[in-house]
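Report on the following structure.
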Amino acid sequence: MSKTRMLALAAASAVAICLPTLASAQGEVNLYTYREQKLIEPLLDAFTKETGIKVNVVSASSGLEQRIRTEGANSPADVLLTVDIGRLEDAVQAGITQPIKSEIIDKAVPVQYRDPEGHWAGVSMRARVIYASRDRVKQDAITYEELADPKWKGKICIRSGQHIYNNALIAAMIAKHGEAKAEEWLRGVKANLAQKPSGGDREQARDVAAGKCDIGIGNTYYVPLMQNNPKQKEWADAIKVILPTFKDGGTHVNVSGVVLAKHAPNKANAVKLIEWLAGNGAQEMYANMVFEYPVKSGIAINPAVKAFGDLKADTLPLAKIASNKKAAANMVDKVGFDN
Ligand SMILES: [Fe+2]
């Protein structure tokens, strides 16, 4: 590692929990992530144990793309691990990525969960689902289209339409039905809201539990997280998860994924880390740690996640969804969804 890079890494690690130390014989790899370092540590330790490659982690809750961009050609970043196609696409748009050229990735990660040009790859998957009141919702199946049905008037709770999770869902609706129909749908959903969009996904379960609404919309992994949190268990207990589908498709999914940094100083090790994350052992371990679905087929699903039922993931390529990101954001403003 050059001195400049070493200094840049030291500066970047000012907020990092794991400071870089001497590289092992197999070298190192610098991982920037929004994931909590403590959460992913066992996974990275397993990688180091298997490969001898040391992982230096820089974790932050925001601004990593900007930081990598500012660091420029001297950026120590090798891999950025983040969640949601919206953020992966932002990284590509920021010009901080390069294609991951790997037959292992091409084989392990289904084509709809990676960038056609290789700039990002999903490593695990979450679904955007319905948190339905156990007491008040009788049905066990639903379509996303049906959320606009007036029978749900005053009964739906959801976070901001501008949040990336909802942005992707609305973008998927545009990809499925075109802008005009999607807008009509979004107006219908808006008309059914019990209250102004607010909070995060867990707060929608909280509000279902409190009787403020019958259905909330949220991501799958929050349910086991709530079940395991003494303060939130009551919210989780009040809901049942329904895996909705599009009328002509499956359940809307998104990924947590990786990009290979444009100026990765340890490119070969970076590719090794990415390939390792898509391997059987890591797929199961990572998905278990974060309560997500493995992207690779044939990997065991965590029992708490499996309990939601059989996921029939929509096959719409995430890149196609991402291409409607801006249209979705404009539509949310146009219909005054958050007002
Ligand atoms: Fe989340």
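The values are calculated or read from the model by the stated rules, or taken from the named source; none is laboratory data. No experiment lies behind these values; they were computed from the predicted model shown. Positions of Cβ are generated from backbone atoms using ideal geometry, with glycine treated the same way; all protein chains shown enter the neighbour counts.
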- Odd one out for residue 202, checked against (1) within 14 Å of the ligand (Cβ to nearest atom); (2) touching a Ser or Thr at 6+ places or on another chain (Cβ under 8 Å): (2)
- Item | Elements of type strands (runs of 3 or more DSSP E) contained in segment 43-154, each with 1 or more residues being modelled with pLDDT of 95 or more, closer than 30 Å to residue 211 by Cβ and within 16 Å of the ligand (Cβ to nearest atom) | 121-133
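Conditions (1) modelled with pLDDT of 95 or more; (2) in contact with a Lys or Arg (Cβ under 6 Å, 6 or more places away or on another chain); (3) more than 14 Å from the ligand (Cβ to nearest atom), marked per residue:
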{"residue": "207", "(1), (2), (3)": "yes, no, yes"}
{"residue": "211", "(1), (2), (3)": "yes, no, yes"}
{"residue": "236", "(1), (2), (3)": "yes, no, yes"}
{"residue": "239", "(1), (2), (3)": "yes, no, yes"}
{"residue": "247", "(1), (2), (3)": "yes, no, yes"}
{"residue": "250", "(1), (2), (3)": "yes, yes, yes"}
{"residue": "254", "(1), (2), (3)": "yes, yes, no"}
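Return a yes/no flag: does segment 181-190 have any residue that is within 15 Å of the ligand (Cβ to nearest atom) and in contact (Cβ under 8 Å) with a residue 40 or more places away in the chain.
Scanning segment 181-190 turns up no residue that is within 15 Å of the ligand (Cβ to nearest atom) and in contact (Cβ under 8 Å) with a residue 40 or more places away in the chain.
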- On the given criteria, is residue 228 closer than 24 Å to residue 185 by Cβ and within 16 Å of the ligand (Cβ to nearest atom)? no
- Taking residue 158, is it among the aliphatic types (A, V, I, L, M), within 16 Å of the ligand (Cβ to nearest atom) and on the phi < 0 side of the Ramachandran plot? yes
- Message: So for segment 26-39 (the condition being basic (Lys, Arg), away from the ligand (no atom under 16 Å from the Cβ) and either in contact (Cβ under 8 Å) with a residue 24 or more places away in the chain or in a strand (DSSP E or B) (or both)), does at least one residue qualify?
- Response: no
